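The values are calculated or read from the model by the stated rules, or taken from the named source; none is laboratory data. Small disclaimer: the values here were computed from a predicted structure and weren't measured. All Cβ positions, glycine included, derive from the backbone under ideal geometry; neighbour counts span all protein chains shown. Surface areas here come from the heavy atoms of the whole protein model, side chains and all, with no ligands, DNA or RNA. Shrake-Rupley method; radii C 1.70, N 1.55, O 1.52, S 1.80 Å.
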Amino acid sequence: MRRLLLLPLMLLCLSSCHVEGGEDHGSLSVVAVDFPSYDACRAVLGSTDGLVMLLPPGTESHSYDPTARDMVRLSEADLVVLTGGPSDEWVEALISTLDAPPVLFRLVDQVSLLEEERREGMEEEEEHGHSHDHDFQMDEHVWTSPSNEIAIIRGLSATLSSIDPEHEERYEACSAKYIAELESLDEEFRAIVEEAPLHTLIFASRFPLLYFVREYSLDYYAAFPGCAEESEPSARTVAFLIDKARELDVPCVLNIELSSELIARTIAEEAGVPVRTFYSMHNASALDFAQGATYVSIMERNIDVLKEALGGSDNRQ
C-alpha cells in the first residue's frame, strides 16, 4: 500500500518539520482521519473546537496520501478517531512508533463486521492485476448503516468521557440528541423499504453500502466491491448491469458521490432511466464541508433517492 511505503519518509520529517499557523485546539486535541470519523466527533463534542479532519474534503478516501502536517497532528493528538480498516493501516503504523501515543477509537470495533462481497457480474480484481484470496476481507464502511452509526456515537461518547470526565454530561447530552436524529432517519428508511415494490439497487460504481443494504434487507448489483481501487469496468460488467437494469425494470441507476458518472450514464442511457447519486459519506464535498453538512443532513438526501430507486412514490410523506 502506497501510504505505508511513504511512512518511513514521514517519520523522518516528524523530527524536523514545523507546522506554521497551527490551530489552537484548546485543552483536548482530537484528530479524525476521515469524514465519518469527523462527523461522529463533531456530534459528540458538540462543536468543532479542537477537532481536525485529515482527509481533505472532496478527496477520494482510497487514494489519499498523508502529509508531514498530518503526521504532526497525529503525534500531538489526545484522541485519534479512525475507521480502523485496511485504509487506515498507515495511521496505526505511525502511532505505534510514538513514545506517548494518543488514544485510538476505531469505528470498526463498535459493530459486527461483514465480509466484503463479490457479486455476480462484478468486476474481478484479478483483471486489473490484483490478487484475491479467500481470507476474511473486512468491509470497512461500517457507518453506512444508521444503526451502526448509533453504536459508534455511543462508544465514542464513552471514550471521550473516560478521557475528559469533566465534560461527561455534555458528551452524553450531545450524543443523545444526535442519536434521536439517527433513529428518525432509520425509521424513514424502514418505512420506504416496507412500502416499496422493488428491493434491488443497481450501482454503476464501487459499492461501499453493504451494511446499509443488509440493515434494510435490500439486494444489489454493482460494478466494483466497496474497497476496490475503482477503474473503468470491462465491457462484460457494463453489459451485465445494463441487462440487470432492464430485467428488473429499475427506475434509475445509482452512482456514489465523488465518483465518475461516465459509466453510470452509459448504463442508464441503455436502460432508458436517469442516474441518481446515492451518498455513502466516505467523504464530503468541499462545499458541503464548508457549509457544515453532517452525516444526517447528507444521508437525508438518500431518502428520496432510495424511494425512487425502489419504485416508490415521488412525494415525501
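The table below gives the values:
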quantity	calculated
Complete set of residues in segment 219-231 that are open to solvent by less than 20 Å² (accessible area, probe 1.4 Å) and not aromatic (Phe, Trp, Tyr)	Ala222, Ala223, Pro225, Gly226, Ala228
Subset of segment 235-276 that is hydroxyl-bearing (Ser, Thr, Tyr) and open to solvent by 40 Å² or more (accessible area, probe 1.4 Å) - its residue that is modelled with the highest pLDDT	Thr266
Out of Asp139, Asp78, Asp99, sole residue that is among the charged types (D, E, K, R), at pLDDT 90 or above and under 14 Å from the mean Cα position of the chain (by Cα)	Asp139
Test: Gly22 is at pLDDT below 90 and surrounded by fewer than 19 Cβ atoms within 10 Å (Cβ to Cβ)	yes
Matching residues, segment 154-166, being assigned to a helix (DSSP H, G or I), touching a residue at least 24 places away in the same chain (Cβ under 8 Å) and open to solvent by less than 80 Å² (accessible area, probe 1.4 Å)	Gly155, Leu156, Ser157, Thr159, Leu160, Ile163
Subset of segment 219-249 (residues that are touching a residue at least 60 places away in the same chain (Cβ under 8 Å) and within 22 Å of Gly311 (Cα to Cα))	Tyr220, Tyr221, Ala222, Ala223, Phe240, Leu241, Lys244
Given (1) within 18 Å of the chain's Cα centre (by Cα); (2) open to solvent by 20 Å² or more (accessible area, probe 1.4 Å), number of the condition Leu185 does not satisfy	(2)
Enumerated strands (runs of 3 or more DSSP E) restricted to segment 193-298, each holding at least 1 residues that are of a type in the set (Phe, Trp, Tyr)	200-207, 219-225, 275-278
Count - residues of segment 281-310 that are within 26 Å of Asp49 (Cα to Cα) and in contact with a Lys or Arg (Cβ under 8 Å, 6 or more places away or on another chain)	1
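Yes or no, residue by residue, for (1) open to solvent by less than 10 Å² (accessible area, probe 1.4 Å); (2) over 21 Å from Ala284 (Cα atoms); (3) at pLDDT 95 or above; (4) not small (Gly, Ala, Ser):
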| position | (1), (2), (3), (4) |
| --- | --- |
| Ala151 | no, yes, yes, no |
| Glu181 | no, no, yes, yes |
| Phe212 | yes, no, yes, yes |
| Ser217 | no, yes, yes, no |
| Pro233 | no, yes, no, yes |
